[in-house]
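Okay, structure first, notes after.
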Amino acid sequence: MDKSGAGRIGFRQQAYDASTWGQFNEIYHTGHKPSYAEVGAAPATHSHSWSQVANIPVTASRWPAWNEVSSKPATFPPAAHTHDYVPTARKVNGKALTADISLTAADVGAAASSHSHSWSQVSGIPATASRWPSWNEVSSKPSSFTPSAHSHTGKMTFTLLLGSAVAQGNFTLSAPYSSFDGLVVIAGGDDSSYAAMSFLPTDMLNAVRSLGLDVCLLQSDGIRFRGYFSSNNQTFVTTSENAKVHRIYGYKYTVS
């Protein structure tokens, strides 16, 4: 029990051999409720920018082209016609029509285009927007914290993208490097006396490209294989080399 009087309650368990205590766990109740973040919620009063709106229909995202306008007349004006003029003796909300007039929102019984409402003026407020939930109203909550002892396993999988050696010139991978987390390049000297491996993360390949620089698939002991990937992320344009690329693999890292 929290001695501060804030109504916070916690508990912890002692090991069966009474040698150690577990961590403190907190209990929420009506007097001490979780924060928005703790229940995965947003504040009741919030807004969204236009970029956060999904599935915007085309009619709301742009003006139509001429050929998209339906039921338009074939000629302009559509047909011979005349217009009656409003007598200048008439008035609009007390304003004479003898000259141009400007109407305000008040003239037509409307609110100003820029206005706000107090919370008390909003009707139909759902319960989820008017209060925080009680513990019993929080759905899908685990029965214990952490829910259960668990771990995660990570592994890397490799896909062969270049299966034959390249000693000079350009070459094309069997799939774009951007489809993987990175590349593993096996390369060495032209005499094939040894091989070295280079791990090239996709993010770093993109970063080098954004700088307008070449990337070295291999640079070791004075040998190199340098160039850049074309815009399809698949064809490598060689700009300088005195080495041989034996194999290139794409790798992906997964966690289960």
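Brief remarks on what is shown
- In segment 24-58, the residues that are in contact (Cβ under 8 Å) with a residue 12 or more places away in the chain, among the aromatic types (Phe, Trp, Tyr) and exposed (fewer than 12 other Cβ atoms within 10 Å of the Cβ): 24
- The strands (runs of 3 or more DSSP E) falling completely within segment 163-256 that include 1 or more residues that are of a type in the set (Phe, Trp, Tyr) map to 196-201, 223-229, 235-241, 243-255.
- For residue 73, the stated conditions hold: it is in a loop (DSSP other than H, G, I, E, B), within 45 Å of the chain's Cα centre (by Cα) and farther than 30 Å from residue 138 by Cβ.
Condition check ((1) out of contact with any strand residue (DSSP E or B) (no Cβ under 9 Å at 6 or more places or on another chain); (2) within 24 Å of residue 39 (Cβ to Cβ); (3) not hydroxyl-bearing (Ser, Thr, Tyr)) across all residues:
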site	(1), (2), (3)
106	yes, no, yes
118	yes, no, no
121	yes, no, yes
125	yes, yes, yes
145	no, yes, yes
155	no, no, yes
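- Test: residue in segment 79-99 that is at pLDDT 80 or above, in contact with a Lys or Arg (Cβ under 8 Å, 6 or more places away or on another chain) and assigned by TED's automatic domain parsing to the domain that holds residue 136: no
- Only one of 253, 194 that is within 30 Å of residue 153 (Cα to Cα) and of a type in the set (Phe, Trp, Tyr): 253
- Exactly one residue out of 200, 205 is buried (at least 16 other Cβ atoms within 10 Å of the Cβ), closer than 13 Å to residue 227 by Cβ, in contact with a helix residue (DSSP H, G or I) (Cβ under 9 Å, 6 or more places away or on another chain) and touching a residue at least 24 places away in the same chain (Cβ under 8 Å): that is 205.
- Boolean, residue 107 is assigned to a helix (DSSP H, G or I) and more than 29 Å from the chain's Cα centre (by Cα): yes
The values are calculated or read from the model by the stated rules, or taken from the named source; none is laboratory data. Since the structure is predicted, the reported quantities are computational estimates derived from the model, not experimental observations. When we count neighbours, we look across all protein chains shown, and the Cβ atoms used for this are built from the backbone with ideal geometry, even at glycine.
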